[in-house]
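So the structure is just underneath, and the comments pick up after that.
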Amino acid sequence: MIRPPYFRRCVWLLAQSVRCNSTFDSHLPKPNIINSSLSSVEIPNVTVPRYVYENFHKFPNKVGVECAATGRKYTFEEIKTKSDKLRKAIRKVLNLQKGDVIALLLPNVPEFPICVLGSLEAGLTVTTINPTYTAVEVKYQLLDSNAKAIITLTSLNPLAQAVTKDIDSKIAIVNIKNEPTENLPVGAMNFEELVNIDIKIDEAEVDDASSTAFLLYSSGTTGLPKGVQLSHQNVVSNLCQTSHPLLKIAHDTSETDQDVVPGILPWFHVAGLNSVMLLYMRYLCKLVSLPKFTPELFLKTLLTQKPHLLLIAPPIVSFMANHNAIKKVHLQPIRSIVCGAAPLDRNDEEKLGLKSGKHLNILQAYGLTEASPFILATSAVRKKAIGFSGSVGEVLPNTMVKVVPPDNPHAPSLGPNLPGELLVKGPQVAVGYYNKPNDTNISFVNGWLRTGDLVYYDTNKMFYFQDRLKELIKVKGFQVAPAELEELIRAFPDIADAAVIGVPSQRFGEVPHAYVVVKPDRILNTEKLLQHVSSNVAEYKTLKGGITVIDSIPKNASGKILRRELKLQYQSDNR
């Protein structure tokens, strides 16, 4: 029987809908998958340096970065010129090739952006290392990342040399002098010479946006630190997303006006690196680098630099809200504060608002290293219109998220006001962990990044942080992996078993507290154990929360530590 044409057309369409079900589904709204309420942004397919440099020609002689401690400064023209000379020196003097890894063992110094941009122009991958790390921690990251060179301060050169001498492959060491009178150590190259010499090189800067720009170390949802592979496209995507007109808090630079932004968040950390240093340099703001946060230097910076914007962690907000030295005059020039790294205490937010005279926008944002970093951010306009408080923000443009039942990423996503784990998908999300396929498969599920954090969202699609499902402890915004401390504690001769949890601290947000089981017939000297830990880790990882001796560590059938039980015990013991 001959079917009429329209019938055959219907059968063909039905077959196509079955065969291409996933294609059609991608255009249909998914239940409880939250897309951004903000309009999408255009994301260019360019490298990080090309994106950051785009506006430098407008005001080449304005200061781009200045050190709050020493006064060293560089204009935008100097930053670009020195970065390009470093690119050439990396190829011709250091003999590094595209794809090689270079380590930056630096605090916030004005040379930091030159090191980053010059290395990226040369096609290198940059891994940043916390300068307060011990030799053990620095060596782990150098070996794991397979770094071929390291740029550090002359004052940190003994640490760099002590670490690299035990590594089989030769690692070149470049020194930045913090003071002109410092002597260059034997065997180290002079950074100042590398960024001032004229080298002829035929190769243009590397222009591959898909290549890995940064290898930033994070503990992920669990375990020891792992290198998060962030491509140029990941980073540029997040810079574009946070530049949405409703999220951008910087004013455009002109002949007479330039926003001042202190670099308080460490630039070796993803938020300080991408969301402060690179983003606000792109905006042509003046960055003021603070090598180390001290109340004295911070107060001096507020008075002398008169910053317009602050991007900080909750402990700094608490300091500003509660310290008697912070007066209204210190806060007067500041228009906006963006707080990230950990949830902001509502009392501190209210106190600081009252102290400032309520002219100040106090906003929150949420992210993680694997997302370059931001996923959620707060718009001052929408916060005022809706009137919420305590939210860590709404979904960024070009991003989708969902909330699923804890420990079940494959379950249907949850609706408003139901707590669960936050999962995210977007162009800012990393491809995975360097040389860690098993860890990558745990954290990245079917294109979704598991954050390991317990959140919920309201009917306005504003998100609220509740708890950290993953085991990480955040001290002043820095990640501390319990597994790392537990391994160290168990190595102590008197210890049979150990578990570490994060406990509340008004000053630090959280601090590590250890529960330990002492070996039979042994007497524990807690002071020696504390000293054992502090001599092997950075200061922020030390057991500031103390030590408790117990009979056994609670574990489930598979041997996983039941940290929630320990947290409940701690709460009960400290009422």
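Points worth noting:
- Verdict on Ile167 being aliphatic (A, V, I, L, M), in contact (Cβ under 8 Å) with a residue 24 or more places away in the chain, more than 18 Å from Ser83 (Cβ to Cβ) and not in a helix (DSSP H, G or I): yes
- Lys474 vs. criteria charged (D, E, K, R), modelled with pLDDT under 90 and closer than 28 Å to Ala342 by Cα: yes
- Taking the range 332-359 as the range and being at pLDDT 90 or above and within 26 Å of Val475 (Cβ to Cβ) as the test, the residues that pass are Ile334, Ser336, Ile337, Val338, Cys339, Leu352.
- Annotation for the range 398-421: at least one member residue is in contact with a Gly (Cβ under 7 Å, 6 or more places away or on another chain), within 29 Å of Gln233 (Cβ to Cβ) and either of a type in the set (Phe, Trp, Tyr) or in a loop (DSSP other than H, G, I, E, B) (or both).
- Checking Glu182 against (1) part of a helix (DSSP H, G or I); (2) more than 17 Å from Leu96 (Cα to Cα), the condition it does not meet: (1)
- Among the residues of the range 551-573, those that are part of a loop (DSSP other than H, G, I, E, B) and either under 23 Å from Lys470 (Cβ atoms) or of a type in the set (Ser, Thr, Tyr) (or both) comprise Ser552, Ile553, Pro554, Asn556, Ala557, Ser558, Gly559, Lys560, Leu562.
- Residues satisfying the stated conditions in the range 230-286, i.e. assigned to a strand (DSSP E or B) and of a type in the set (Val, Ile, Thr): Val260, Val261
- Only a single criterion out of (1) on the phi < 0 side of the Ramachandran plot; (2) not in a helix (DSSP H, G or I) is not satisfied by Asp521, namely (1).
- When Gly546 is tested against (1) at pLDDT 95 or above; (2) of a type outside the set (Val, Ile, Thr); (3) at negative phi, only condition (3) is not met.
- Checked against the criteria, Ala411 does not count as surrounded by 17 or more Cβ atoms within 10 Å (Cβ to Cβ) and of a type in the set (A, V, I, L, M).
- If you go through the range 518-571 and keep only what is among the basic types (Lys, Arg) and in contact (Cβ under 8 Å) with a residue 40 or more places away in the chain, you end up with Lys541, Lys544, Arg563, Lys567.
Residues are listed down the side, and each one gets a yes or a no for (1) in contact (Cβ under 8 Å) with a residue 24 or more places away in the chain; (2) hydroxyl-bearing (Ser, Thr, Tyr); (3) more than 18 Å from Tyr464 (Cβ to Cβ):
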site: Ile326; (1), (2), (3): yes, no, yes
site: Val338; (1), (2), (3): yes, no, no
site: Leu344; (1), (2), (3): yes, no, no
site: Gly353; (1), (2), (3): no, no, yes
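- Exactly one residue out of Val511, Val518 is surrounded by 13 or more Cβ atoms within 10 Å (Cβ to Cβ), modelled with pLDDT of 95 or more and in contact with a Lys or Arg (Cβ under 9 Å, 6 or more places away or on another chain): that is Val511.
The values are calculated or read from the model by the stated rules, or taken from the named source; none is laboratory data. Every value quoted in this text rests on a predicted model; they were computed, and no experiment measured them. Note that we place each Cβ from the backbone using ideal geometry, even for glycine, and neighbour counts take in every protein chain shown.
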